[in-house]
Structures are given as structure tokens and as C-alpha cells.
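Q: This is the structure I have questions about; it appears just below.
The values are calculated or read from the model by the stated rules, or taken from the named source; none is laboratory data. Note that the structure is predicted; figures quoted are calculated from it, not measured. Here Cβ is always computed from backbone atoms with ideal geometry, including for glycine, and neighbour counts include all displayed protein chains. For the accessible areas, the whole protein counts, side chains as well, though only heavy atoms, and no ligand, DNA or RNA atoms are used. Shrake-Rupley method; radii C 1.70, N 1.55, O 1.52, S 1.80 Å.
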Amino acid sequence: MKQLKLNNGQMIPQLGLGVFKVQDANDLRRSVTDALKSGYRHFDTAAIYHNEAWLGEALAESGIKREELFITSKVWNSHTTYEDTITAFHESLKKLQTDYLDLYLIHWPSEGYNEKWRAMESLYAEGLIKSIGVSNFEKPHIEKLLTTAKVKPAIDQVETHPYFQQKKLHDYLKSLDIAHEAWGPLGQGKGHVLEDPTLAKIADAHNKSIAQIILRWHLQRDIVVIPKSIHTERIAQNIDVFDFTLTDEEMTLISMIDKNQRGSGDPNDTEWLKESLNRN
Ligand code: NAD
């Protein structure tokens, strides 16, 4: 598995399994077992997914050594203070049955994120988190964070797929040496991106599926991807993307199908961010 070096020297497997919306313990356990068999070692969850405990169980039962795994979780919006963030982190750690996280992210740029970051910096200094980062942060959010941050985020996890390529944000993150991680890398199976004719043509040329072409395109942009599936065959397919390369011409063709079309969750929707403070 290809690894990327983060700005603090830590390595991250460039492809992992996302587990958003997996709300059934058996589905989660089975998909994690399938993923481990296919070679996945990187898993992306969040407190708000309410499945950290199942992921923790599945990983513990696998017998794979902790140091071979890369586990990401995220602090939810309802935790707005320094103390709350520390408490939330320890709850996640307990559910995940581990004594450290590889990556912990601020889930959304909601109220209090500078304070949350201060708490994450403390946990990072204690060695309880190997790398700290943000999610759904756009340029103004990062600029505001950096006014008080002592540690620069290692990563920004944002919606990114061929119909929402985030070219500007990608360049901004690159200029700061913050890694770009894509959530919804396959467009969440919505918006017809998995039926796009340009992608279909490229898929035929490589004898791969459209999903594999999309994942390969992300990888060649130096983006970390965490596609989600609970189906054995798709889980295997999604990691089978390291034996071919898209040409420069194909990369250019894909760059031209961008529609700047967000699928869900707008970090600029301040009403939604406010409401989310009351959700758990
Ligand atoms: P995704 O783009 O990974 O799409 C998943 C969907 O694509 C599946 O449900 C399935 O319908 C389809 N799919 C998967 N593999 C396929 C294949 N090989 N062929 C055809 N269809 C396929 O969307 P996602 O789950 O929303 O995003 C991935 C991960 O990102 C999540 O599981 C979660 O861990 C993370 N995430 C983070 C945030 C955030 O705010 N930070 C938001 C959403 C998701």
C-alpha cells in the first residue's frame, strides 16, 4: 500500500476504508474483516457515526498488530470547549479499544474550533494522537485556525470527487503542505458520477471499473482516499488500483468534467453548523 508522508513526518496509507452510515454491527464487522483480507490497514470513522465500538471490536478480533493499523476518528461539533474535546477524545479511544489514534480530526468548522484545536494540540503533545487535522475546513477556516494554532494541521478531509474537484482548495492546501483527504471520493454513489461517459471510456481502456478510475485519479493527485463499501467484491475492487496508471491526457480529461457540484454538507452553511451543536 502506498503511503504518504504528512507534514509532521508521520506516514498515512493513501487508501483506507470509510465506515460512514454503517449502522449495523454485523455489516461493519464483516466489511472490516473483508477489508483487512484485501490489504486495507487504514480505517476512517467518527464519533457521530456511532460505530467506533464495532470498529474497535472488529480490529481487536482481527489480531492485526496495532502498529500496523491506521485509525482515524473525529470530534463532533457539540463539543465546543477544551475540556469537552479532551473528554470526547478519551471516549473515542475507549470505544476503539486502543491507547492512541493515528489521526484525529475536527469534524466541521463549527463554533469553538480554535479551542478544540488547543485541546488536540495537548493530546498530540502527550503522544495520544500521532497526527491532528481538520475536516470540511475551507481557506478562511484554516486561516482563522492558524491565528492561534501552534501545530499546523497535517490533513484536511473534504468532499472531493470528479464532479467536485476542489481545485482551488487543493492548491491552497498544497501551498501549506497540508495533505488533502477526500471524503465521498466516489461521489457517495450519487449524482451519476459513477455513470459518467468520460470516465466510462477511460475505464474501458484500462479494463477497470469507473470507481477504480476515480480512485486512481485521486491517488495521482496525491489525495488520500477512504471509499466506503460494505460489499466484499467492491471492497476488494476499491483497493485494486495500484497496478495501473492514468496518462497525463486522461488526468486532463477528468479535470475537465468538474461541475463544482457539492453532494452534501456545506461548511459555509452557518445555520446547519449551529443546529449541529445540539446533535449527538
Ligand atoms: P463514497 O464516495 O465512498 O461512496 C460510497 C458509496 O459508493 C457506497 O455506499 C456505494 O453506493 C458506492 N460504491 C462504493 N464502492 C463502489 C464500487 N466499487 N462500485 C460502485 N459503487 C461503489 O462516500 P462516503 O461513504 O460518504 O465517503 C467515504 C468516507 O468518507 C465515509 O465512509 C467516511 O468515513 C468519510 N466521510 C467523512 C465526512 C466528513 O464530514 N469528514 C463526510 C462523509 C464521509
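Q: Identify the residue in region 23-58 that is within 15 Å of the ligand (Cβ to nearest atom) and β-branched (Val, Ile, Thr) and, among all such residues, is nearest to Ser78 (Cα to Cα).
A: That would be Ile48.
Q: Now for a different question. Please state which one of Ala236, Ala211 is over 16 Å from Glu181 (Cα atoms) and in contact with a Leu (Cβ under 7 Å, 6 or more places away or on another chain). Walk me through how you get there before you give the answer.
A: On the way: Ala236 fails: in contact with a Leu (Cβ under 7 Å, 6 or more places away or on another chain).
It is Ala211.
Q: Please verify whether Leu105 is buried (at least 20 other Cβ atoms within 10 Å of the Cβ), aliphatic (A, V, I, L, M), within 16 Å of the ligand (Cβ to nearest atom) and under 20 Å from the mean Cα position of the chain (by Cα), treating the condition exactly as stated.
A: Spelling it out, Leu105 is indeed buried (at least 20 other Cβ atoms within 10 Å of the Cβ), aliphatic (A, V, I, L, M), within 16 Å of the ligand (Cβ to nearest atom) and under 20 Å from the mean Cα position of the chain (by Cα).
Q: For region 58-92, give me the residue count where each residue is β-branched (Val, Ile, Thr) and surrounded by fewer than 22 Cβ atoms within 10 Å (Cβ to Cβ). It would help to see each step written out before you state the result.
A: Here is the first cut: in region 58-92, the residues β-branched (Val, Ile, Thr) are 64, 71-72, 75, 80-81, 85-87.
Going one step further and asking which of them are surrounded by fewer than 22 Cβ atoms within 10 Å (Cβ to Cβ), we end up with 64, 80-81, 86-87.
Qualifying residue count, region 58-92: 5.
Q: Also: Of all residues in region 208-230, which are in contact (Cβ under 8 Å) with a residue 60 or more places away in the chain and either within 11 Å of the ligand (Cβ to nearest atom) or small (Gly, Ala, Ser) (or both)?
A: Scanning region 208-230 gives Leu215, Val224, Val225, Ile226, Pro227, Lys228, Ser229, Ile230.
Q: Next up: Looking at Thr198, Thr245, can you tell me which residue is in contact with a helix residue (DSSP H, G or I) (Cβ under 8 Å, 6 or more places away or on another chain), β-branched (Val, Ile, Thr), in a loop (DSSP other than H, G, I, E, B) and away from the ligand (no atom under 11 Å from the Cβ)?
A: Details: Thr198 fails: in a loop (DSSP other than H, G, I, E, B).
Answer to the check: Thr245.
Q: Taking Thr270 as the residue in question, decide whether it is more than 15 Å from the ligand (Cβ to nearest atom) and open to solvent by 80 Å² or more (accessible area, probe 1.4 Å).
A: It is true that Thr270 is more than 15 Å from the ligand (Cβ to nearest atom) and open to solvent by 80 Å² or more (accessible area, probe 1.4 Å).
Q: Can I ask one more? I need the full set of residues from region 120-139 which are away from the ligand (no atom under 16 Å from the Cβ) and not charged (D, E, K, R), in order please. Walk me through how you get there before you give the answer.
A: Taking region 120-139 as the starting set, the residues that turn out to be away from the ligand (no atom under 16 Å from the Cβ) are 121-130, 139.
The answer is Ser122, Leu123, Tyr124, Ala125, Gly127, Leu128, Ile129.
Q: If you don't mind, another one. Given the criterion at pLDDT 95 or above and within 11 Å of the ligand (Cβ to nearest atom), identify the matching residue among Glu181, Glu115, Glu143.
A: After applying the criteria, what remains is Glu181.
Q: Tell me which residues, restricted to region 146-168, are open to solvent by less than 80 Å² (accessible area, probe 1.4 Å), away from the ligand (no atom under 16 Å from the Cβ) and within 19 Å of Asn268 (Cα to Cα).
A: Of everything in region 146-168, just one residue is open to solvent by less than 80 Å² (accessible area, probe 1.4 Å), away from the ligand (no atom under 16 Å from the Cβ) and within 19 Å of Asn268 (Cα to Cα), namely Leu146.
Q: Now for a different question. Considering only residues that are over 13 Å from Pro227 (Cα atoms) and acidic (Asp, Glu), which ones fall in region 153-196?
A: Residues satisfying the conditions are Asp156, Asp171, Asp177, Glu195, Asp196.
Q: Filter region 7-22 down to the residues that are within 13 Å of the ligand (Cβ to nearest atom) and either part of a helix (DSSP H, G or I) or open to solvent by less than 50 Å² (accessible area, probe 1.4 Å) (or both) and list them by number. Full working, then the answer.
A: Of region 7-22, the ones within 13 Å of the ligand (Cβ to nearest atom) are 15-22.
Result: Leu15, Gly16, Leu17, Gly18, Val19, Val22.
Q: Inside region 18-36, can you point out the residues that are touching a residue at least 24 places away in the same chain (Cβ under 8 Å) and among the charged types (D, E, K, R)?
A: Taking region 18-36 as the starting set, the residues that turn out to be touching a residue at least 24 places away in the same chain (Cβ under 8 Å) are 18-23, 25, 27-36.
If the condition is that a residue be touching a residue at least 24 places away in the same chain (Cβ under 8 Å) and among the charged types (D, E, K, R), then Lys21, Asp27, Arg29, Arg30, Asp34 are the ones that fit.
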